[in-house]
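Working notes, structure below.
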Amino acid sequence: MKKEDLIIEIPNEEESDYIDDMLMEHNKLSKPFEQKEAFISIKRCVKDLEGEVIAGILAYSVMWHILYIDTLWVKEEYRSKGYGSILLKKVEDEAKNIGCHMAHLDTFDFQGPDFYKKNGYEVFGVLEDSPMGHKEYFLTKRL
């Protein structure tokens, strides 16, 4: 088949799932998973007395017991009061209990690189102009 005979288009949901599944199969064959499920969700939130979410963290133990911190958010009026650190520690502890040996994440210069550094994370990469005029930081921590 020649390149000119190929069609490039946006995949539908079924095709997107297939692409994901094929990468997962490749990963498994290259390096067998060390955990039963490819992604184990580890999520927590803090609520006020009225039940409103004021902070939360979304993280996952990924394939080989690697903790990925996807999202950590604290409502503005509750920032700098320790809620983020409490949530981060809670998720790290749970990740360690299920076998995770390291964590990683990315954050922007206008979000929280200093917060993560204070919590023991080290920068292993910086992407300039992501978004334009800003930096995206990639951080890791041994658990």
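The values are calculated or read from the model by the stated rules, or taken from the named source; none is laboratory data. None of the values given here were measured: they were computed from a predicted structure. Every residue, glycine as well, gets a Cβ built from its backbone with ideal geometry; the counts of neighbours run over all protein chains shown.
Values for this structure:
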| read-out | value |
| --- | --- |
| Single unsatisfied condition, residue 4 versus (1) of a type in the set (Asp, Glu); (2) closer than 20 Å to residue 96 by Cβ; (3) assigned to a helix (DSSP H, G or I) | (2) |
| Of all residues making up the range 47-89, the number that are exposed (fewer than 15 other Cβ atoms within 10 Å of the Cβ) and touching a strand residue (DSSP E or B) at 6+ places or on another chain (Cβ under 6 Å) | 7 |
| Residue 41, sole failed condition from (1) surrounded by 14 or more Cβ atoms within 10 Å (Cβ to Cβ); (2) under 27 Å from residue 116 (Cα atoms); (3) of a type outside the set (Asp, Glu) | (1) |
| Cβ pairs under 9 Å, 6+ apart, first in the range 27-44 and among the aromatic types (Phe, Trp, Tyr), second in a loop (DSSP other than H, G, I, E, B) | 33/63; 33/64; 39/63 |
| Residue 96 among the basic types (Lys, Arg), out of contact with any strand residue (DSSP E or B) (no Cβ under 7 Å at 6 or more places or on another chain), in a helix (DSSP H, G or I) and touching a residue at least 12 places away in the same chain (Cβ under 8 Å) | yes |
| Where a residue in the range 61-78 is farther than 23 Å from residue 143 by Cα and its partner, wherever it lies, is aliphatic (A, V, I, L, M) and loosely packed, with under 14 Cβ neighbours inside 10 Å, with Cβ under 9 Å and at least six apart | 75/53 |
| The range 17-54, subset more than 20 Å from the chain's Cα centre (by Cα) and small (Gly, Ala, Ser), residue modelled with the highest pLDDT | 51 |
| Every residue from the range 99-143 that is out of contact with any helix residue (DSSP H, G or I) (no Cβ under 8 Å at 6 or more places or on another chain), among the polar types (S, T, N, Q) and either crowded, with 16+ Cβ neighbours inside 10 Å or part of a strand (DSSP E or B) (or both) | 140 |
